[in-house]
Amino acid sequence: MKSLSLQSVSLSKKLAFTALFAALCCVSTILIVIPLPNGYFNAGDIFVLLAGWCLGPLYGTAAAAVGSALADIWSGFALYAPATFCIKGLVALLAWLVWSGAKRLIKNPALDVVCRAVAAVLAEAVMVAGYFLFESVLYGFAGGAAALVGNTLQGVCCAVGGVAVVCAITPIKAVRRLFPALGTKNE
């Protein structure tokens, strides 16, 4: 069977999947919510990570940034939308870049889960740092520090969830055909 590359996927499919992942990021952020004293925990970052891994750096970044920012707007946190746009876009981008670089270093496809885990943890650490900096500007250092625990909990849970989901769907041949960026083959 002919191998698919990211370039072989039509632009219309790329845009459709970008919109789909933006919607998944938005809906999972809004609907899967656990309130915390200083904010809330949501499952949105699971789909932010998946957007990066499934769609690659350009389309994954766009989907994560737009979907997550829309969730902030619709949830009444419009003040956070510009920061969320940048932070979540960066999370998706880093998830793909770190995973892509790690899989080149770790040539064994059986260890792909390690590459995904490293990428997820580093990307989520950037999320925690990004919101800490943003909230420190808004509310002072104490305000930024107050949200660290909640953001760290969200990052850890979503990193675990994202890695679990990507490891579950990657072996499915049809999924790899739809999302060539997801493949575990070393280029």
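Structure summary
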quantity: Residue among V137, V48, V160 with the largest mean-square fluctuation in a Gaussian network model of the chain, springs linking Cα atoms under 10 Å; calculated: V137
quantity: Solvent accessible area, Å² - I169, 1.4 Å probe, full protein context; calculated: 40
quantity: The chain, relative contact order [Cα under 8 Å, separation at least 6], %; calculated: 23
quantity: Segment C167-L133, length gained on full extension (0.36 nm per residue, minus Cα span); calculated: 9.1 nm
quantity: Longest site-free stretch - the chain; sites: trypsin sites (Lys or Arg not before Pro), DSSP loop, at most 16 other Cβ within 10 Å; calculated: 3-106
quantity: Pair S10, A145: separation of 7 Å Cα→Cβ label points (nm); calculated: 5.6
quantity: Convex hull (Cα only) mean projected area of the chain, reported in nm² to one decimal; calculated: 10.2
quantity: Pairwise FRET efficiency - C86 versus N108, Cβ, R0 = 35 Å, nearest 0.05; calculated: 0.50
quantity: For region 119-135 versus region 51-84, the gap between their alpha-carbon centres in whole angstrom; calculated: 14
quantity: Expected-Rg normalisation [2.2 N^0.38 Å, Cα atoms] applied to region 140-187; calculated: 1.75
quantity: Radius, Kirkwood style, for region 106-146 when every pair of distinct Cα atoms is counted (Å); calculated: 11.7
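The values are calculated or read from the model by the stated rules, or taken from the named source; none is laboratory data. Values in this document were obtained by computation on a predicted structure and should not be read as measured data. Backbone-built Cβ (ideal geometry, glycine too); neighbour counts: all protein chains shown. Heavy atoms of the whole protein, side chains included, go into the accessibility calculation; ligands, DNA and RNA do not. Shrake-Rupley method; radii C 1.70, N 1.55, O 1.52, S 1.80 Å.
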